[in-house]
């Protein structure tokens, strides 16, 4: 048996307390990653002499030098992030809000209001809203942060899943 198979088996059969600690760790890790992304973006956005943020420059560089690698990385990232969304929705939501803000900050200035010019701005806003939705899914309603979140956003009760 491979080591990853043994780890998955151990995780499946671990106590609920162990899983909860693991999920809390994942959520904290994703929250810290989101904060780091926002700090890097803010610093490069406001202090860059090139007029481009760190992420814009990095993506442009990677896309020119290794476009296939960037596409493969994006596909693998989809799978990893979707898994994290299931295990740690609040942490994933924090990361999603950070990405939405970065998309909005990197939207070109709109010279003429038109649908194609507004699409990047709306995309960033949509990503941010989805992030807030995922944060809400991961919060305990009776917890302090859950109550504050509910007051601020009138967050509806989560739908109960039923067997089909």
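A few remarks follow.
- Considering the conditions (1) closer than 21 Å to residue 59 by Cβ; (2) touching a helix residue (DSSP H, G or I) at 6+ places or on another chain (Cβ under 9 Å), residue 117 is excluded by exactly one of them, (2).
- The single condition among (1) surrounded by fewer than 14 Cβ atoms within 10 Å (Cβ to Cβ); (2) over 26 Å from residue 42 (Cα atoms) that residue 138 does not satisfy is (1).
- Single residue of the stretch 149-158 satisfying the filter (at pLDDT 80 or above and farther than 13 Å from residue 90 by Cβ) that is surrounded by the most Cβ atoms within 10 Å (Cβ to Cβ): 150
- One residue stands out among those in the stretch 85-108 that are surrounded by fewer than 19 Cβ atoms within 10 Å (Cβ to Cβ) and touching a helix residue (DSSP H, G or I) at 6+ places or on another chain (Cβ under 6 Å): the one that is farthest from residue 24 (Cα to Cα), which is 107.
- Selection within the stretch 46-60: residues that are surrounded by fewer than 18 Cβ atoms within 10 Å (Cβ to Cβ) and assigned to a helix (DSSP H, G or I). The member of this set that is modelled with the lowest pLDDT is 47.
- Looking only at the stretch 66-93, and only at residues there that are in contact (Cβ under 8 Å) with a residue 40 or more places away in the chain and either part of a helix (DSSP H, G or I) or under 20 Å from residue 40 (Cα atoms) (or both), the one that is farthest from the chain's Cα centre (by Cα): 87
- Members of the stretch 140-154 found to be without any contact (Cβ under 8 Å) to a residue 12 or more places away in the chain and outside any helix (DSSP H, G or I), listed by number: 140, 142, 143, 154
- Residue among 63, 111 that alone is over 13 Å from the mean Cα position of the chain (by Cα), assigned to a helix (DSSP H, G or I) and either surrounded by fewer than 19 Cβ atoms within 10 Å (Cβ to Cβ) or without any contact (Cβ under 8 Å) to a residue 40 or more places away in the chain (or both): 63
The values are calculated or read from the model by the stated rules, or taken from the named source; none is laboratory data. Since we're looking at a predicted model, the values are computed, not measured. We place every Cβ from the backbone using ideal geometry, glycine too, and count neighbours over all the protein chains shown.
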